[in-house]
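The values are calculated or read from the model by the stated rules, or taken from the named source; none is laboratory data. Everything numeric in this text was worked out from a predicted model, so none of it was measured. Please note: Cβ atoms are built from the backbone with ideal geometry, for glycine as well, and neighbour counts cover all protein chains shown.
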């Protein structure tokens, strides 16, 4: 079960981490007997304990019902559901990877400087400025995150 569940979720999260995983069929998994299948209250209890759930569809396929994390409270101990669904941290991870990849490939070992010092530098100096960074982030949003 765990291998099929993990492989199915990982494959689809790699394609589009923001897309929900509900109803994805777990390949190679036989459904439990009808008399021992989880009902909605049981699945809800599991979800509240941070356990992802499955369901059996009309065609007797075992499917992902909801993929969640153990995240419940923020650093101050306040209730926080911002990372409850696995898509939130997966999407943030993808965004972080895209930004890191762009900057390390285009601006390796560049110096950091304010916008007002560019005129005083020699031509060809590898420098990253706030305006250049902002423009690069906007380009990432327009070209890779839409």
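Which of the residues spanning the stretch 119-143 are touching a helix residue (DSSP H, G or I) at 6+ places or on another chain (Cβ under 9 Å) and part of a helix (DSSP H, G or I)?
130, 131, 132, 133, 136, 137, 139, 140 - these are the residues of the stretch 119-143 that are touching a helix residue (DSSP H, G or I) at 6+ places or on another chain (Cβ under 9 Å) and part of a helix (DSSP H, G or I).
Can you name every residue in the stretch 73-106 that is assigned to a loop (DSSP other than H, G, I, E, B) and either buried (at least 16 other Cβ atoms within 10 Å of the Cβ) or assigned by TED's automatic domain parsing to the domain that holds residue 16 (or both)?
Within the stretch 73-106, 83, 84, 86 meet the criteria.
So residue 53 fits all but one of (1) out of contact with any strand residue (DSSP E or B) (no Cβ under 9 Å at 6 or more places or on another chain); (2) surrounded by 13 or more Cβ atoms within 10 Å (Cβ to Cβ); (3) without any contact (Cβ under 8 Å) to a residue 24 or more places away in the chain; what number is the exception?
Answer for residue 53: the failing condition is (1).
Name the pairs: first residue in the stretch 95-113 and more than 13 Å from residue 133 (Cβ to Cβ), second residue part of a helix (DSSP H, G or I), Cβ to Cβ under 8 Å, at least 6 apart or on different chains?
Sorted first by the residue in the stretch 95-113, then by its partner, the pairs are 98/140.
Could you tell me how many of the residues in the stretch 28-50 are assigned to a loop (DSSP other than H, G, I, E, B), surrounded by 12 or more Cβ atoms within 10 Å (Cβ to Cβ) and at negative phi?
5
Name every residue in the stretch 27-57 that is closer than 19 Å to residue 69 by Cα and in contact with a helix residue (DSSP H, G or I) (Cβ under 6 Å, 6 or more places away or on another chain), in order of residue number.
Hit for the stretch 27-57 is 53, nothing else.
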